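Asks: Take a look at this one; I'll ask things after.
The values are calculated or read from the model by the stated rules, or taken from the named source; none is laboratory data. Treat the numbers as computed from the prediction; the structure is a model and nothing was measured. Quick reminder, even Gly has a Cβ in these numbers, built from the backbone with ideal geometry, and neighbours come from all protein chains shown. These area figures cover heavy atoms from the full protein model, side chains too; ligands, DNA and RNA do not enter into them. Shrake-Rupley method; radii C 1.70, N 1.55, O 1.52, S 1.80 Å.
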There are 2 protein chains.
Amino acid sequence: MKVCESLHIAAVYERAARFDVISNQFDFLPLTYSRLVATPVVTTVHGFSSERIVRVYRAYDDVAHYVSISDSDRHPDLTYAATIHHGLDLGQFTPGAGDGGYLLFLGRIHPDKGTHLAVEVARRTGLPLVIAGVVHDEGYFRALVEPHVDGSRVRFVGSVGPTERDRLLGGAVALLHLIDFDEPFGLSVVEALAAGTPVVATPRGSMPELLRDGVTGFLVRDADEAVAAVGRLSAIDRRDCRRDAESRFSAARMVDAYEELFERIVAGRS
Amino acid sequence: MKVCESLHIAAVYERAARFDVISNQFDFLPLTYSRLVATPVVTTVHGFSSERIVRVYRAYDDVAHYVSISDSDRHPDLTYAATIHHGLDLGQFTPGAGDGGYLLFLGRIHPDKGTHLAVEVARRTGLPLVIAGVVHDEGYFRALVEPHVDGSRVRFVGSVGPTERDRLLGGAVALLHLIDFDEPFGLSVVEALAAGTPVVATPRGSMPELLRDGVTGFLVRDADEAVAAVGRLSAIDRRDCRRDAESRFSAARMVDAYEELFERIVAGRS
């Protein structure tokens, strides 16, 4: 049941007059209170758990100020006030030299994420692969990933904390992000950039927004192109990756973008 | 998900200024919108699906106008504006002569409802029993009820519609309602009264409120007392049962009670 959730939402709205703006990061339910207060509500759409939920977003489109987390994630039926990409605490990421000599897969082990393609690309390039992440599809892992894990050419290290993640990213020659779905945002992609590590990714979902093709990585359509891209990694200056993370994916930049939006909305109402 | 439910609730609150009072028969979620509008909200508590939900009712106790469906169903932590018993459309119930010569069980087949006790009491009184209702506990039905069903001394007729229910009630010498839980309200009990049929019931939950012991039925503590009560049914005037239903459990009486409450609340605020 939604006991705690609804009490939490109500507590904010009952104090609405104290706030210039209410920032909703809490899905659709807060929208249904939003016409009952004068305070503007900014709703960041973190994804639609089902098509049924879009109905609520549509019903409040005229009063809502929607924020998309990437341009690619915008729903055609909704009006958006801004796209604001996620920002990282860059202090958690150290620019690395990529001197571990391995390719890295970082994320959930699931067909959507293309773990098996990373294995294939690593094998064909002759580079070792490190796989880090939680197994999200056990059958997929057993059938298409685990048989290749040998502890040297392909290593599986499971879930990693921030320190180990930073070390793994910094040592990787590239992150392989060969997704097979329209990912709304790729946190591991911008984390790699923050560590100075280029990314080889499929141009689906938010990837063309997050990566500068040929500058911070390569957008590739299949395993053949991914293999070729790994061969051209020396063309990427790792400092450009880190610089791009600093200018486009820092927490400070995200906060500035939200503040600008809030100010614009408040000014528009006065 | 609560997509339709929350849109429905919001639609009422967004039009709150058009109403003198909002009557909420829709559980806890509407409470969480109630401080955001000036219109008073009257909430009928039809039961607490879990103790966690009481937390929401408690949080709105100061502004809510709670209606209990019986005095017995009041929660000690809450403040109530009124108890309003359910009302029946009495046109659906014909005063019957009880000339079928059988006892009746009407309700869910479940240990809480004492179906097995009705079987025992019927057997000991030598009267046939008709069991009508949906099987809610299959194991219980198979073990303790079905073995006694023989099509003559004990008949099981399953779920019945309004016409068949009226006929069954009117022909019964009594309804056996030997419950083993604190039932907040017993619809089948007042339906029996509407058909002129006395009720033999355990004095739990709302039963002492719904029945006038010795006038419209008997309150009994166990099977022995139930058997004795069946022996005294000739002391009950079936017209008293119908009259009690007419004066205390009609839809018109329920509507009057709600109107009085609404008027009292509106007057109290002006």
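Asks: Residue by residue through the stretch B:123-159, note down the ones that are open to solvent by less than 40 Å² (accessible area, probe 1.4 Å) and within 18 Å of B:R108 (Cβ to Cβ).
Replies: Passing the criteria: B:L129, B:V130, B:I131, B:A132, B:G133, B:Y140, B:F141, B:V145, B:V154, B:G158.
Asks: Could you tell me whether A:R74 is farther than 30 Å from B:R58 by Cα, crowded, with 16+ Cβ neighbours inside 10 Å and of a type in the set (D, E, K, R)?
Replies: Judged against the criteria, A:R74 is a match.
Asks: Would you check which residues across the stretch B:26-43 are within 8 Å of another protein chain (Cβ to nearest Cβ) and touching a Lys or Arg at 6+ places or on another chain (Cβ under 8 Å) and list them?
Replies: B:L29
Asks: Restricting the search to the stretch B:1-13, which residues are surrounded by 15 or more Cβ atoms within 10 Å (Cβ to Cβ), facing chain A (nearest Cβ under 10 Å) and among the hydrophobic types (A, V, I, L, M, F, W, C)?
Replies: B:V3, B:L7, B:I9, B:A10
Asks: Return yes when B:D112 is assigned by TED's automatic domain parsing to the domain that holds B:R243 and either at pLDDT 95 or above or under 24 Å from B:Y258 (Cβ atoms) (or both) and no when it is not.
Replies: Yes.
Asks: So which residues in the stretch B:155-176 are under 24 Å from B:M207 (Cβ atoms) and outside any loop (DSSP other than H, G, I, E, B), if there are any at all?
Replies: Answer for the stretch B:155-176, where residues must be under 24 Å from B:M207 (Cβ atoms) and outside any loop (DSSP other than H, G, I, E, B): B:P162, B:R165, B:D166, B:L168, B:L169, B:G170, B:G171, B:A172, B:V173, B:A174, B:L175, B:L176.
Asks: Which ones in the stretch B:177-235 are open to solvent by less than 10 Å² (accessible area, probe 1.4 Å) and in a helix (DSSP H, G or I)?
Replies: Correct list: B:V189, B:V190, B:A192, B:L193, B:A194, B:M207, B:L210, B:A226, B:A229.
Asks: State whether the residues of the stretch B:14-25 include one that is assigned to a loop (DSSP other than H, G, I, E, B), at the interface with another protein chain (Cβ under 9 Å from one of its Cβ atoms) and under 23 Å from B:R269 (Cβ atoms).
Replies: No, there is no match, as no residue in the stretch B:14-25 is assigned to a loop (DSSP other than H, G, I, E, B), at the interface with another protein chain (Cβ under 9 Å from one of its Cβ atoms) and under 23 Å from B:R269 (Cβ atoms).
Asks: Quick one: would you say A:H46 is more than 14 Å from A:N24 (Cβ to Cβ) and more than 14 Å from chain B (Cβ to nearest Cβ)?
Replies: no
Asks: Can you tell me which residue among A:A118, A:A59 is among the hydrophobic types (A, V, I, L, M, F, W, C) and in the same structural domain as A:F185 (by TED's automatic domain parsing)?
Replies: Going through A:A118, A:A59 in turn, the sole match is A:A118.
Asks: Evaluate the following for B:L127: is it part of a loop (DSSP other than H, G, I, E, B), aliphatic (A, V, I, L, M) and closer than 30 Å to B:A143 by Cα?
Replies: Against the criterion (part of a loop (DSSP other than H, G, I, E, B), aliphatic (A, V, I, L, M) and closer than 30 Å to B:A143 by Cα), B:L127 qualifies.
Asks: Also, quick follow-up: Any residue at all in the stretch B:233-245 that's polar (S, T, N, Q) and farther than 18 Å from B:G101 by Cα? Spell out how you get there, then give the answer.
Replies: If we filter the stretch B:233-245 for residues that are polar (S, T, N, Q), which is where we start, we get B:234.
Next cut, farther than 18 Å from B:G101 by Cα only: none.
The answer is no; no qualifying residue exists.
Asks: Give me the strands (runs of 3 or more DSSP E) completely within the stretch A:36-121, filtered to those with at least 2 residues that are more than 30 Å from A:A17 (Cα to Cα), ordered by residue number.
Replies: A:102-106
Asks: Output yes when any residue across the stretch B:56-65 is open to solvent by less than 40 Å² (accessible area, probe 1.4 Å) and of a type in the set (S, T, Y), and no when none is.
Replies: yes
Asks: While we're on this one: What residue, of B:V45, B:V41, B:V21, is in contact with a strand residue (DSSP E or B) (Cβ under 7 Å, 6 or more places away or on another chain), open to solvent by less than 40 Å² (accessible area, probe 1.4 Å) and in contact (Cβ under 8 Å) with a residue 40 or more places away in the chain? Talk me through it step by step, then tell me what you get.
Replies: On the way: B:V45 fails: in contact (Cβ under 8 Å) with a residue 40 or more places away in the chain; B:V41 fails: in contact (Cβ under 8 Å) with a residue 40 or more places away in the chain.
Testing whether each residue is in contact with a strand residue (DSSP E or B) (Cβ under 7 Å, 6 or more places away or on another chain), open to solvent by less than 40 Å² (accessible area, probe 1.4 Å) and in contact (Cβ under 8 Å) with a residue 40 or more places away in the chain leaves just B:V21.
Asks: Looking at the stretch A:238-253, can you tell me whether even one residue there is more than 22 Å from the chain's Cα centre (by Cα), of a type outside the set (K, R), part of a helix (DSSP H, G or I) and under 15 Å from A:P198 (Cβ atoms)?
Replies: No - not one qualifying residue is present in the stretch A:238-253.
Asks: If you check B:D61 against the conditions, is it acidic (D, E) and in contact (Cβ under 8 Å) with a residue 40 or more places away in the chain?
Replies: Spelling it out, it is not the case that B:D61 is acidic (D, E) and in contact (Cβ under 8 Å) with a residue 40 or more places away in the chain.
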